[in-house]
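S.K.: Provided herewith is a single structure, encoded as structure tokens, for subsequent inquiry.
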Amino acid sequence: MSVVGTLEGASSKPSAAGSIRRRLGPRLYGVLLIAAILLFWEVSSRLGWIVSAYWPPVTKILWAAISQLGGGDILVSLAATLRRALTGYAIGSVLGIALGILLGKSKVLRIALLPLIEIVRPIPTPAVIPPLILFLGVDDALKIFAISLATFFPVFTNTFAGVATVDDTLIQTARTFRTSWARTLLRVVLPATLPAIAAGLRTATSLALVVAVVSEMVAGSSGIGYYLVEMQYALRPDLMYAAVMYLAITGYAVNRLFLVLEARLIPWMGKT
Amino acid sequence: MFVVARGIVCALLIVCSVPCRAAEPATLRVSVIPTSVLAPLYAGIKYGYFKEEGLNIDLAPTAGGAIGIPGLVGGSYDIAFSNNVSALSAVAQGIDVQLLAPFPEGAADETAVIARKGEGIKTGRDLAGKTVAVNTNRNVIWLYVREWIRKTGGDPAQVTFREVAFPQMIDALKQKQIDAAFQINVFVIAAGKDPALEIVSFPYREVQPKVQPSQFLATRKFIEGNKDKVARFLKALKRGNEWFDAHIGKDELFSLVAEFTKLPEAVVREMKFQPVAKKVDADELEKTRDLMKREGLLKADVDVKKMIYAE
Amino acid sequence: MSQRSEVYRTSLLGLLSPAIVLSVWESAGALGWINPILLPRPSQIVWSLVELVADGAVFPPLLYTIALFVVGYAIASILGIAIGVAMATSETLYGLLEPLVEILRPIPKSALVPVLFLFLGIGKTTMITVVVLAAVFPVLISTFQGVRGLDPVLLETARTFQVSRMRTIFSIILPASLPMILAGMRVALGLGLVLVILAEMLAGEDGIGFRILDLQRAFQIREMFAWIFVLVALGGGLMMLFDLIERTLVPWRGKT
């Protein structure tokens, strides 16, 4: 079920340092395409083809992005968003894995909880924010709750499905050797389920960021989601686009980091 | 499922609220929108009036969102900046909020209907069959633009209202997705400078010139448990108001507003600033209530006088 | 998922826990333990729901949301599959598109909603674009991986028999990578729903997302919950439909 992976696995032949063309390989045209799009953006804004207060030239956006590096609001907002996303992600994942395994192994719990989980699962997270505000207010409790909720479902679903596919003979063998219940879980079930859990966790990373931004847009007073809206009101589209840029870089970095960790920690991933 | 959610929620709340709430007893959490109208509050903070009253104001800005009252109910804020229509709807639904203090009487001169130049939109009658943008459906802007249409010979039933966020209205106008918009100060200034757009009218002037569209409010429960804090808050706010009134047209005010709205100072210099209203005016609020009743926004009757906090 | 069906085999058992939760909620409300303004009782919410359905008020926003979602999701799926296959089978197209995809993909799409409203305007086009952007990447990437992961012998054989490129794609590549494509589409379904609701909330024209926010702002909490129930039904319905389609198209799935 590895779904949100990479576009790699393409025959990117390692080429010796040489001309740009050789180093980029087939991607040269892709990079040129992006350059062309950005150039068009720049020109359309400078020459006034698109007249809008919210269509700044690319160079202005880049300048705004660079000037933030010396310690601006964007980085502070980004840090707040990441802190929330990470906290919510951690809570949602732990609950997702724990309930996924427990429900996968215990029939009683399955009967008690699965229907409830399946009822709540299809609600798109933004829809629960308005009612939750009335109970949780608009602060971290709300945002972290929403992020945990969004994270929980893919992790739970994948873990649950993963546990179901654990080879019964493995468990039987463990039982024959009188391995304790906890040890079986830790040494047999968990490793066999890890690839599935990892796939769920990866889907959840992008969801966590999406929902963090959403909750800040709907009920924010800090964080990058709020910043985006605030900059619209402050007539600073350059900063708004710059914030989107930083967010894109963050998303990219998170995905990369995840792949590296996955390769390190679960070397048997994708070999089943 | 919400019971389950509530259980978890309560657990989370206990974990979070104990340390962050009890730590600093003299802190007031105030929900604000970074709009020039709030200059007196920011002045009070900047010049230490709240501090002198032993209050620490923790500002929670939200951008144009109508989450002030929901946030009060959810316990995130002690005091919220919100508008009269939201307050009246809340009270009508059984949410017990009280209006603490009003804001500069500038609404009438700052908020305008704008349209594309040369299309002959001058009155409500010209809007028949057209689309008008409001920031929030069934809220204050919507209510007053409908009344303005009626007063100037039109029929709101023949007009389509679309919810568009303030920053997007000008572009939506130019792209002809809407034909007119009821817009707030910053963007009215921008529209005034745009050769393609024009200012049609200032509806509040024609409908209810002394309207008080926005107030600070708190729940009755909070006020009763914190009478002293509320009194000190109002005292410091009053000094902020006095500072504001004394600095209209002066550099200190422009730079203060530019600072908290994050707007370019050149834009702020073009804004109009009006003196602060001294108290929440029950008569004005009754006019708003009656308009709401007529538009079907209020199902229960509301005793306006009981909504206003009396020191 | 045999473990799931086991719970639902006897429908009574499956209903047990929701029934308990609902009755606890109902009685807590009736006993005044919860504030009825903030959390109405299920019976009150159901009553509002009945009113919504009875006077037909439920249908315009429901259809609005469904239409936005279905159009966006369909475009995203077709685009995702087409680009995914193209990138996986042609080195040139891979080179041309990979950098662009890698730049756009990691942006949390919710951040693009305000930006898109600014540059595409406030209409339905923008909302559909939002759904497309959210849903296209999971489909694209899993299609790409599915096609790249195919047995090379399969493609060699096609080449040996001089099967045309189009035919190879439609009768060999697509059917063989279908399970992966569907896995991507499943992720896209959830993301697309999240974004369509958000877009409706921010665009403020119509749809279930707009209703929920609008009613919360008017403090009509009971009606708001009724709409959330509608949304649960919609989301659940779409997921069940997806399961059904997946089981029909890939009957061997889930039997591993």
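Laboratory data are not the source of any read-out in this text; all were calculated from the coordinates shown. This structure is a prediction, so every number in the text was calculated from the model and none was measured. We place every Cβ from the backbone using ideal geometry, glycine too, and count neighbours over all the protein chains shown.
S.K.: The conditions are (1) within 11 Å of chain C (Cβ to nearest Cβ); (2) closer than 30 Å to residue C:16 by Cβ; (3) in a helix (DSSP H, G or I), and residue A:196 fails exactly one of them. Which is it?
M.R.: Answer for residue A:196: the failing condition is (1).
S.K.: So residue A:206 clears everything in (1) buried (at least 24 other Cβ atoms within 10 Å of the Cβ); (2) of a type outside the set (A, V, I, L, M); (3) more than 8 Å from chain C (Cβ to nearest Cβ) except one condition, right? Which one?
M.R.: It fails just one condition, (3).
S.K.: Also, quick follow-up: Please specify each residue of the stretch A:76-121 satisfying the condition of being surrounded by 18 or more Cβ atoms within 10 Å (Cβ to Cβ) and among the hydroxyl-bearing types (Ser, Thr, Tyr).
M.R.: Hits for the stretch A:76-121 are A:77, A:81, A:89, A:93.
S.K.: Sticking with this structure for a sec: So, in the stretch B:53-104, of the ones that are part of a helix (DSSP H, G or I) and more than 12 Å from chain A (Cβ to nearest Cβ), which residue ends up nearest to residue B:273 (Cα to Cα)?
M.R.: Filtering the stretch B:53-104 for residues part of a helix (DSSP H, G or I) gives B:68-73, B:84-92.
This time we only want the ones that are more than 12 Å from chain A (Cβ to nearest Cβ), so: B:84-89, B:91-92.
Working: B:84: 20, B:85: 23, B:86: 24, B:87: 24, B:88: 26, B:89: 29, B:91: 30, B:92: 32 Å.
The residue in question is B:84.
S.K.: Looking only at the stretch A:223-239, filter to residues that are touching a residue at least 60 places away in the same chain (Cβ under 8 Å) and in a helix (DSSP H, G or I); which one of those is nearest to the other protein chains (Cβ to nearest Cβ)?
M.R.: Ranking the qualifying residues of the stretch A:223-239, first place goes to A:232.
S.K.: Further question: Consider the stretch A:36-66. How many of its residues are in a loop (DSSP other than H, G, I, E, B) and either loosely packed, with under 13 Cβ neighbours inside 10 Å or free of Cβ contacts under 8 Å to residues at least 12 places away in the same chain (or both)?
M.R.: Initial filter on the stretch A:36-66 (in a loop (DSSP other than H, G, I, E, B)): A:47-57.
Then drop every residue that is not either loosely packed, with under 13 Cβ neighbours inside 10 Å or free of Cβ contacts under 8 Å to residues at least 12 places away in the same chain (or both), which leaves A:47-52.
Final tally of qualifying residues: 6.
S.K.: Can you tell me which residues in the stretch A:242-252 are within 7 Å of another protein chain (Cβ to nearest Cβ) and of a type outside the set (A, V, I, L, M)? I'd like the intermediate steps shown before the answer.
M.R.: Within the stretch A:242-252, the first condition is being within 7 Å of another protein chain (Cβ to nearest Cβ), and the residues that meet it are A:244, A:247-248, A:251-252.
Across the stretch A:242-252, the qualifying residues are A:251, A:252.
S.K.: So, one more: Is it the case that residue C:181 is away from chain A (no Cβ under 14 Å), of a type in the set (A, V, I, L, M), touching a residue at least 40 places away in the same chain (Cβ under 8 Å) and part of a helix (DSSP H, G or I)?
M.R.: Values: away from chain A (no Cβ under 14 Å): no; of a type in the set (A, V, I, L, M): yes; touching a residue at least 40 places away in the same chain (Cβ under 8 Å): yes; part of a helix (DSSP H, G or I): yes.
Against the criterion (away from chain A (no Cβ under 14 Å), of a type in the set (A, V, I, L, M), touching a residue at least 40 places away in the same chain (Cβ under 8 Å) and part of a helix (DSSP H, G or I)), residue C:181 does not qualify.
S.K.: Taking the condition among the acidic types (Asp, Glu) and free of Cβ contacts under 8 Å to residues at least 40 places away in the same chain, does residue A:262 pass?
M.R.: Numbers: among the acidic types (Asp, Glu): yes; free of Cβ contacts under 8 Å to residues at least 40 places away in the same chain: no.
The answer is no for residue A:262.
S.K.: Just need a number here: residues in the stretch A:157-190 that are part of a helix (DSSP H, G or I) and free of Cβ contacts under 8 Å to residues at least 24 places away in the same chain. Walk me through how you get there before you give the answer.
M.R.: Here is the first cut: in the stretch A:157-190, the ones part of a helix (DSSP H, G or I) are A:157-164, A:168-176, A:181-190.
Restricting the remaining residues to those that are free of Cβ contacts under 8 Å to residues at least 24 places away in the same chain gives A:168-176, A:181-184, A:186-188.
Within the stretch A:157-190, residues that are part of a helix (DSSP H, G or I) and free of Cβ contacts under 8 Å to residues at least 24 places away in the same chain number 16.
S.K.: In the stretch A:232-263, what count of residues is obtained for those that are of a type outside the set (A, V, I, L, M) and under 14 Å from the mean Cα position of the chain (by Cα)? Before you say what the answer is, go through the steps one by one.
M.R.: Step one: list which residues in the stretch A:232-263 are of a type outside the set (A, V, I, L, M), which gives A:232-233, A:236-238, A:241, A:246, A:250-252, A:255-256, A:258, A:262.
So of that shortlist, the ones also under 14 Å from the mean Cα position of the chain (by Cα) come out as A:250-252, A:255-256, A:258.
Final tally of qualifying residues: 6.
S.K.: I've got another one for you. Given the options C:197, C:172, C:212, name the one that is without any contact (Cβ under 8 Å) to a residue 60 or more places away in the chain and under 21 Å from residue A:130 (Cβ atoms). Don't jump to the end; show me each part of the working.
M.R.: On the way: C:197 fails: without any contact (Cβ under 8 Å) to a residue 60 or more places away in the chain; C:172 fails: under 21 Å from residue A:130 (Cβ atoms).
From the options C:197, C:172, C:212, the qualifying one is C:212.
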